[in-house]
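Structure record follows, encoded as C-alpha cells.
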Amino acid sequence: MGLKSMQNMLFLKQIRDENGMLMAFGKPCVFMPVRMFIEMQRELELEFPKKKVREVFHDIGRKRTIRGALFFKALRGINRAFETLSLGSPLVQMGALSLSSTGWGDFTILKSTKDKIIFKTANSPFAYAQKKELEPTNEPVCQILAGMIAGAAEVWKGGRYKAKEISCAASGKTNECVFEVQRISD
C-alpha cells in the first residue's frame with residue numbers, strides 16, 4: 001500500500017486496531033511480506049503440478065478483483081460493460097492509480113481492443129521480492145497480478161479473460177512486467 005494511501009485511510013479512520021486485530025474498512029487484515037506469497041507458491045509447486053498452482057494463484061487475484069470492481073461499479077451506479085477502455089479515460093486512470101496506490105505496482109495500459117489488453121507495471125512487488133530477497137528467475141512470478149488484471153477486464157469489458165505475464169522483472173533483465181490479457185469467452 002502506498003504511504004499516502006495509508007495516511008489518508010488512517011486519517012479517515014479506515015485503518016484501526018480493534019483488540020489487537022488490524023481492521024481496514026471494517027475487515028480484518030494482516031501485513032505480511034510479499035516474499036511469503038512467493039514462498040507459499042513455491043512450496044505448493046513442490047507438491048502439485050506447477051501449472052495448476054499458477055492457475056490457482058491467477059484465479060485468487062481474478063476473483064478478488066472481480067468482487068472489488070463489482071462493489072465499485074455498484075457504488076458508482078455503473079451498470080454496463082465497455083467494449084474498449086480508452087487509454088486516457090478517467091476510469092482507466094483511476095484503476096491504475098488504485099492499483100499503484102495500494103502497493104501493487106505502477107500500472108499502465110499499452111493497448112486495449114475488444115479481445116486483448118496489454119498492460120505493463122513497473123515495481124511489481126512480486127518481481128522485486130523475487131529478484132532482491134530470493135534470487136532472479138526467468139520464470140514469471142506475478143500470477144496474482146495477472147489474475148487481478150484479468151478480473152478487472154472481466155468486470156469492465158464483459159466476458160471471461162485470462163492474463164499471461166509475457167515479461168517479468170524478476171529476471172533482472174528489465175524493470176517492468178508486461179501482461180497480455182486475452183478474452184477467452186463471452
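Annotations
- Pairs with Cβ under 8 Å, 6+ apart, first in the stretch 28-42 and of a type in the set (D, E, K, R), second surrounded by 16 or more Cβ atoms within 10 Å (Cβ to Cβ): ARG35/ALA129
- Residues in the stretch 139-179 that are touching an Asp or Glu at 6+ places or on another chain (Cβ under 8 Å), among the hydrophobic types (A, V, I, L, M, F, W, C) and part of a helix (DSSP H, G or I): LEU145, ALA146, ALA169, ALA170.
- Residues in the stretch 118-143 that are among the aliphatic types (A, V, I, L, M) and surrounded by fewer than 24 Cβ atoms within 10 Å (Cβ to Cβ) were compared, and the one that is farthest from ILE78 (Cα to Cα) is LEU134.
- With respect to the stated conditions, GLN130 is of a type in the set (S, T, N, Q) and farther than 18 Å from THR108 by Cα.
- Qualifying residue in the stretch 72-84 (condition: assigned by TED's automatic domain parsing to the domain that holds GLU154, under 18 Å from the mean Cα position of the chain (by Cα), among the hydroxyl-bearing types (Ser, Thr, Tyr) and at pLDDT below 95): no
- Scoring GLU47 on the criteria (1) surrounded by 11 or more Cβ atoms within 10 Å (Cβ to Cβ); (2) modelled with pLDDT of 75 or more; (3) touching a helix residue (DSSP H, G or I) at 6+ places or on another chain (Cβ under 9 Å) leaves a single failure, condition (1).
The values are calculated or read from the model by the stated rules, or taken from the named source; none is laboratory data. Here the structure is a predicted model, which is why all the values come from computation and not from measurement. Methodologically, a virtual Cβ is constructed for each residue, glycine included, from the backbone with ideal geometry; neighbour enumeration extends over all protein chains shown.
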